[in-house]
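Report on the following structure.
The values are calculated or read from the model by the stated rules, or taken from the named source; none is laboratory data. Quick caveat, the model's predicted, so the values are computed rather than measured. With ideal geometry, Cβ positions are generated from the backbone for all residues, glycine too; neighbour counts draw on all protein chains shown. In case anyone asks, the SASA skips ligands and DNA or RNA and just uses the protein heavy atoms, side chains included. Shrake-Rupley method; radii C 1.70, N 1.55, O 1.52, S 1.80 Å.
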Amino acid sequence: MWKRFYPDERAKSVRDIDYEAFLRRGVRGIIFDIDNTLVPQDAPATEETEEFFRMIHALGFRTCVISNNTEERVKPFAERAGSEYVFHARKPLKRSYRKAMAFLGTDPQTTLFVGDQLLTDMFGARRLGIPCVLVEPISLKSDIATVRFKRKIEKWILKEYEAKK
Ligand SMILES: [Mg+2]
């Protein structure tokens with residue numbers, strides 16, 4: 001019953017994903033969560049962020065960042081990353097994932113989703129059949145209370161997930 005929250009793969013960070021393997025499988029567009037996936041909560045994009053996105057784009061992927069956060073937070077980040085963006089995404093609603101795929105010109109089979117939360121990020125991607133990779137959150141210190149509560153549930157679901165593997 002928890003399957004709908006399971007990631008297809010887990011990785012330590014966005015830098016530990018085998019993107020070329022996804023390229024070989026036909027993936028052409030990647031949707032990234034921002035907060036705690038690419039940078040700490042509310043942190044701006046850095047030199048490393050820009051370099052990371054240059055690498056991803058050089059491989060041949062198009063990218064879109066997606067966030068439940070505000071446009072003021074998301075737009076400048078996306079601009080530095082050279083990425084499309086969706087703000088106020090209200091993940092796990094399907095609408096915002098569809099919007100991101102429209103920007104990318106991809107469908108669920110040719111899209112990859114990367115995020116740090118099961119109940120929003122992974123659940124939303126799975127509802128549309130988009131392959132998804134769960135990364136470890138960059139920093140837990142800045143989590144607000146509701147996120148901290150979700151992390152507890154997620155920890156429990158992940159235990160089930162690992163046990164079934
Ligand atoms: Mg996040």
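Inside region 1-17, can you point out the residues that are open to solvent by less than 70 Å² (accessible area, probe 1.4 Å) and assigned to a helix (DSSP H, G or I)?
5, 14, listed by residue number.
Within region 42-52, take every residue that is of a type outside the set (A, V, I, L, M) and not in a helix (DSSP H, G or I) and give me the one that is least open to solvent (accessible area, probe 1.4 Å).
My answer is 46.
Test residue 73 against the stated conditions and say whether it is within 14 Å of the ligand (Cβ to nearest atom), open to solvent by 10 Å² or more (accessible area, probe 1.4 Å) and in contact (Cβ under 8 Å) with a residue 12 or more places away in the chain.
The answer is yes for residue 73.
Considering only residues that are closer than 16 Å to residue 29 by Cβ and over 15 Å from the mean Cα position of the chain (by Cα), look in region 89-109 and name the one that is most open to solvent (accessible area, probe 1.4 Å).
109
Which pairs have Cβ atoms under 6 Å, sit 6 or more apart or on different chains, and link a residue in region 40-69 that is under 19 Å from residue 139 (Cα atoms) and in contact (Cβ under 8 Å) with a residue 40 or more places away in the chain to one that is within 16 Å of the ligand (Cβ to nearest atom) and open to solvent by less than 90 Å² (accessible area, probe 1.4 Å)?
40/138; 40/139; 41/35; 41/142; 68/89; 68/91
Output the residue which, of all residues in region 33-63 that are touching a helix residue (DSSP H, G or I) at 6+ places or on another chain (Cβ under 7 Å) and within 15 Å of the ligand (Cβ to nearest atom), is farthest from residue 89 (Cα to Cα).
Here the residue is 49.
Being open to solvent by 60 Å² or more (accessible area, probe 1.4 Å) and closer than 21 Å to residue 123 by Cβ is the filter here; which residues of region 53-70 pass it?
Within region 53-70, just 68 meets the criteria.
Being within 11 Å of the ligand (Cβ to nearest atom), closer than 15 Å to residue 91 by Cα and of a type in the set (Val, Ile, Thr) is the filter here, so list the residues in region 105-149 that pass it.
Within region 105-149, 114, 120, 147 meet the criteria.
Can you name the residue in region 18-37 that is free of Cβ contacts under 8 Å to residues at least 60 places away in the same chain and of a type in the set (A, V, I, L, M, F, W, C) and is also surrounded by the most Cβ atoms within 10 Å (Cβ to Cβ) among such residues?
Filtering region 18-37 for residues that are free of Cβ contacts under 8 Å to residues at least 60 places away in the same chain and of a type in the set (A, V, I, L, M, F, W, C), the one surrounded by the most Cβ atoms within 10 Å (Cβ to Cβ) comes out as 34.
Does residue 120 satisfy the criteria of being in contact (Cβ under 8 Å) with a residue 24 or more places away in the chain, outside any helix (DSSP H, G or I) and surrounded by 16 or more Cβ atoms within 10 Å (Cβ to Cβ)? It would help to see each step written out before you state the result.
On the way: in contact (Cβ under 8 Å) with a residue 24 or more places away in the chain: yes; outside any helix (DSSP H, G or I): no; surrounded by 16 or more Cβ atoms within 10 Å (Cβ to Cβ): yes.
Criteria not met by residue 120.
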